[in-house]
1. Being part of a helix (DSSP H, G or I) and of a type in the set (V, I, T) is the filter; apply it to the range 256-308 and report the residue that is surrounded by the most Cβ atoms within 10 Å (Cβ to Cβ).
2. Just checking, which of S72, S87, S46 is hydroxyl-bearing (S, T, Y), more than 18 Å from N133 (Cβ to Cβ) and in the same structural domain as L239 (by TED's automatic domain parsing)?
3. Being in contact (Cβ under 8 Å) with a residue 12 or more places away in the chain and of a type in the set (K, R) is the filter here; which residues of the range 25-42 pass it?
4. Taking V301 as meeting all but one of (1) over 25 Å from the mean Cα position of the chain (by Cα); (2) at pLDDT below 95, write down the number of the exception.
5. Part of a loop (DSSP other than H, G, I, E, B) and closer than 21 Å to K30 by Cβ: does that describe S248?
6. Scan the range 92-103 and report the pairs whose first residue is assigned by TED's automatic domain parsing to the domain that holds I25 and at pLDDT 95 or above and whose second residue is crowded, with 18+ Cβ neighbours inside 10 Å and of a type in the set (F, W, Y), with Cβ atoms within less than 7 Å and a gap of 6+ or a chain change.
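The values are calculated or read from the model by the stated rules, or taken from the named source; none is laboratory data. Note that the coordinates shown come from a computational prediction; the quantities given were computed from them, not determined experimentally. Please note: Cβ atoms are built from the backbone with ideal geometry, for glycine as well, and neighbour counts cover all protein chains shown.
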Amino acid sequence: MKRLVVKIGSNILTDAREGLDTRRIHSIAKDIAGLTKLGFEVVVVSSGAIAAGMKKLGLKEKPKDVKLKQASAAIGQSSLMWAYEKSFSEFDKKVAQVLLTRDDFSDRMRYINSKNTLTTLLSYGVIPIVNENDTVATDEIKFGDNDHLAALVASIVEAERLIILSDVEGLYTEDPRYSSDTKLIEYVEEITPELEAKAQGAGSIVGTGGMYSKLLAAKKAVNHGITVHIVTGRKDGILCSLMKGKHSGTLFKPKEEKLSLKKGWIAYSSRAKGSIVVDDGAVKALIHGGKSLLPSGITFVEGNFGIGDAVYCLDSKRNRIAKGLTNYSFSEIEKIKGKKTSEVEKILGYKYSDEVIHRDNLVLL
């Protein structure tokens, strides 16, 4: 079975005045049911709960107050799932609600449990409908937008493709809302800083992310070897058409050397608890030599982390160059920084490892 993740934004499913667009949801459900007949397993990452709740609460614009936002999500999520349940049942497809928070990815055990739940649902032919758990999410744990969530879900289920349904045709050279002299970018070989700068812009009153958010999500996904499409979500049958080989929107080419699941988790899901500043020699060894981080290359350490926690590796100018899982705690590294490996046991009275961060647990940024 080939596996796809389809991300559907608030702008496709709802608007601030009308609430849920059940006709559009039905059309998308029909298209996804068609994908399953083509031999694909599909995970849906869907926004829309807050926007649906806004309609029920009589709100004209997206609430800024966290409590009101959570209340909107709580009242809207049931309507969103009922719309999916009703639409997919017409095509003999079962759906399951999966609500996730940032901590479900940053905690390794919850990450594995989430993966097992999603893959089990797929094995039974069920279509998971994933959304951020807005009713409990706070500024500290929220994804911020479901584009980022979709990229993480695509990596955790080892999807072949991530398809982002947008309210525009794809990525343009200029924002089509404000410029008539713009062209659709059909293929992206590499996501460059220049391209990211062009994509920055605000979303609508019911969504949280613009094209910049989608571009950053694509960047994460292609690093996992996942092909990414940004296409319009307002065209009936677009998903089946795309998977039958008809090009549409913008396609992002996946990296040939993809991150493993473990290193992908370290890079994009784990929450860094601190930072380690390294000297120029260590920077060269990490980036060009493919080496592990030794205590002799460390000049400064900050944070409050323990053994096994994720930390950033910074160069002398405090640029992030890597992220990894440390074999020593903050207090231990304070004592052994700048020292030779042979001195570690004498200083601490014990030694867990020669490396502060082993290469197998380190990802270059």
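1. Ranking the candidates gives I266 first.
2. Among S72, S87, S46, only S87 is hydroxyl-bearing (S, T, Y), more than 18 Å from N133 (Cβ to Cβ) and in the same structural domain as L239 (by TED's automatic domain parsing).
3. K30
4. That leaves (2) as the condition not met.
5. Criteria met by S248.
6. V95/Y84; V95/F88
Listed here are the residues, each with its yes/no results for (1) touching a helix residue (DSSP H, G or I) at 6+ places or on another chain (Cβ under 9 Å); (2) farther than 19 Å from R271 by Cβ; (3) in contact (Cβ under 8 Å) with a residue 60 or more places away in the chain.
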site: K317; (1), (2), (3): no, yes, no
site: A322; (1), (2), (3): yes, no, no
site: Y328; (1), (2), (3): yes, no, no
site: S342; (1), (2), (3): no, yes, no
site: N361; (1), (2), (3): yes, no, yes
